[in-house]
Amino acid sequence: MPFTRTVQKYDAFLCPNGGKAGGRIILYCSDCVLNLIFMDPSATLPPNSFDVATKIGFAYQPVSQYMNFIDLLRNEKPIYTNFTPEVTPPTFEINCQNEPTGEGE
C-alpha cells in the first residue's frame, strides 16, 4: 500500500568514488528512511528497493540530478516522500505540497 511521510531531516554527501562522481542523500522520516544514491552517468542504475521489515528504501539517480534534490530540500518546506513499496521495483517521490504561493523567496 502506498504511503507518504514528512521528511524530518536529511544528510547529504558527495563522493569522488574512485574518480567517478557520486553522492548520497539520506532522508529521515518518523518511521522510515530513504537513501537516494546518485551514480556516475556511465553506470547502470540498479533497481530501487525497499525492505518492509526495516522500512529502509534505496532509490537511484544519475549524479546530474543531485543538485536538483538538494535545492528542493534546502528551499522548500515541508518536504514529503511518497513510498510505493509493493510495485516492482518500488517507486519513490520527493515533493512539497500545499506550500503557499509567493513566500518572498
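Values in this text are rule-based calculations from the coordinates and carry no lab data. Small disclaimer: the values here were computed from a predicted structure and weren't measured. Glycine also receives a Cβ, built like all others from the backbone with ideal geometry; neighbour counts cover every protein chain displayed.
Which condition number does residue 61 fail, the rest of (1) surrounded by fewer than 14 Cβ atoms within 10 Å (Cβ to Cβ); (2) out of contact with any Gly (no Cβ under 6 Å at 6 or more places or on another chain); (3) of a type outside the set (D, E, K, R); (4) without any contact (Cβ under 8 Å) to a residue 60 or more places away in the chain being met?
Failing condition for residue 61: (1).
So which residues in region 7-31 are under 12 Å from the mean Cα position of the chain (by Cα) and not aromatic (Phe, Trp, Tyr), if there are any at all? Please lay out each step first, then the result.
The first filter runs over region 7-31 and keeps only residues under 12 Å from the mean Cα position of the chain (by Cα), leaving 7, 9-12, 23-29.
Correct list: 7, 9, 11, 12, 23, 24, 25, 26, 27, 29.
So, restricting to strands (runs of 3 or more DSSP E) that lie completely within region 34-105, which ones have at least 1 residues that are more than 13 Å from residue 5 (Cα to Cα) and over 14 Å from the mean Cα position of the chain (by Cα)?
Output list reads 49-51.
Looking only at region 1-20, which residues are over 25 Å from residue 52 (Cα atoms) and hydroxyl-bearing (Ser, Thr, Tyr)?
Across region 1-20, there are no qualifying residues.
Counting just the residues of region 77-96 that are closer than 15 Å to residue 28 by Cα and of a type in the set (Ser, Thr, Tyr), which one comes out surrounded by the fewest Cβ atoms within 10 Å (Cβ to Cβ)? Walk me through it before giving the result.
So in region 77-96, the residues closer than 15 Å to residue 28 by Cα come out as 77-83, 92-95.
This time we only want the ones that are of a type in the set (Ser, Thr, Tyr), so: 80-81.
Details: 80: 17, 81: 22.
Only one residue fits best here, namely 80.
Scan 50, 38 and give me the residue that is of a type outside the set (Ser, Thr, Tyr), within 14 Å of residue 86 (Cα to Cα) and surrounded by 12 or more Cβ atoms within 10 Å (Cβ to Cβ). Don't jump to the end; show me each part of the working.
Numbers: 38 fails: within 14 Å of residue 86 (Cα to Cα).
Matching residue, one of 50, 38: 50.
Enumerate the pairs (first residue in region 1-24 and over 17 Å from residue 37 (Cα atoms) and in contact (Cβ under 8 Å) with a residue 40 or more places away in the chain; second residue anywhere and aliphatic (A, V, I, L, M) and surrounded by 12 or more Cβ atoms within 10 Å (Cβ to Cβ)) with beta-carbon separation below 8 Å, excluding pairs fewer than 6 apart on the same chain, so at least 6 apart or on different chains.
Here the result reads 6/79, each pair linking region 1-24 to a residue that is aliphatic (A, V, I, L, M) and surrounded by 12 or more Cβ atoms within 10 Å (Cβ to Cβ).
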